[in-house]
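Structure first, then comments.
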Amino acid sequence: MPIASFDAVLFDMDGTLIDTESAYLEEWVRAAALQGFEITQDLWHQMLGLPTVDCHRLVQDAFGASFKLDEFATEYRARLNEKLQSHVPVMPGVFDLLHDLKAKGMPLAVATSATRKSADAYLATAGLREFFSHIVTRDDVDQGKPHPEPFQKAAAALSVAPERCIALEDTEAGIRSAHHAGTIPIMIPSLKQPANEIAELCHLICNDMREVHVHLRSAL
């Protein structure tokens, strides 16, 4: 579906701007295995796009009282920090899109389920922080994705009506959030293709940011 016009672009972070979700998956699986538990593909798919506290709750519920959540979290966080502190991979096409949008004066913001500490660190390491005037994190909202509050706050921070904002997301939880916030959702699936009910909420579904760039360029 063609995009007629828009006044701002809102970006999810993990899996949309930066390729961190594969690192998260690897370390969560490894840390759970140390206790003899398996994070299945189905369980991981349930967690995609959710705030960490909700992911922890899902894991604890799945594994039961014998699972040591604090030990698990300490283990995977240490490995993730080591892995991502010096290099955060940027998704293909992101820099070209951001440079183009910035050159045209387009307001840009991030709406992420990550904490403020993680978001600031990852975006800075990836070289992306300078592109965004506002970053809405899990610490800035009462309710995280799939609730609409993250995208509502991001749009408000830019002083742009949600219906005039493109929202770029890679997860089902993120698309639900963007849709219910009243934005124009575009999905770039990373680790899971959307179910039909999610696909119906998307204005577009693109293979990568290069394809997104083509669609947005035509409306600029």
*Could you give the spread of the C-alpha atoms of the range 155-199 along their three principal axes, from largest to smallest, in whole angstroms?*
32, 17, 13
_Based on alpha-carbon centroids, what's the gap between the range 53-97 and the range 149-191 in Å, whole number please?_
23
*If Lys and Arg each add +1 and Asp and Glu each add -1, what is the summed charge of the other residues whose beta carbon sits under 12 Å from the beta carbon of C202?*
-4
*Express the relative contact order of the range 21-84 as a whole percentage, based on alpha carbon pairs under 8 Å and six or more residues apart in sequence.*
45
_Whole-Å semi-axes of the range 101-220's equivalent ellipsoid (Cα gyration tensor)_ = 20, 18, 15
*Taking every DSSP beta bridge that has both residues in the chain, what percent is antiparallel when rounded to the nearest 5?*
5
*Pull out the extension gain between D139 and R57, defined as 0.36 nm times the separation in residues minus the alpha carbon to alpha carbon distance; nm, one decimal.*
27.8 nm
_Overall dimensions of the range 21-84 by Cα: Rg and Dmax, Å_ = 10.7, 31
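Sorting K83, K153, K117 on the 10 Å Cβ count, fewest up front, what's the list?
Going from least to most buried by this count: K117, K83, K153.
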*³J(HN,Hα) computed for each position of the range 188-204 - Karplus, 6.51 cos²θ - 1.76 cosθ + 1.60, integer Hz, glycine/proline x*: 10, x, 10, 9, 8, 6, x, 5, 4, 5, 7, 4, 5, 7, 8, 5, 8
*Taking the Cβ of R176 as the centre, find all other residues whose Cβ is under 10 Å away and add up their charges (Lys, Arg: +1; Asp, Glu: -1).*
-2
*Based solely on its DSSP helices, what 222 nm [θ] is calculated for the chain when runs of n ≥ 4 H residues each add -39,500 (n - 2.57) and the sum is averaged over all residues, nearest 500 deg cm²/dmol?*
-13500 deg cm²/dmol
*Could you name the lysines in cross-link range of K117, using Cα to Cα under 20 Å and dropping any fewer than eight places away on the same chain?*
K83, K145, K153
_Report the gain in length on full extension from A195 to A4: 0.36 nm times residue separation, minus Cα-Cα distance, nm rounded to one decimal._
66.2 nm
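What is the projected area of the convex hull of the Cα atoms of the chain, averaged over all directions, in nm²?
11.2
Any read-out appearing in this document is the output of simple, stated calculations on the displayed coordinates, not a laboratory observation. No experiment lies behind these values; they were computed from the predicted model shown. When we count neighbours, we look across all protein chains shown, and the Cβ atoms used for this are built from the backbone with ideal geometry, even at glycine.
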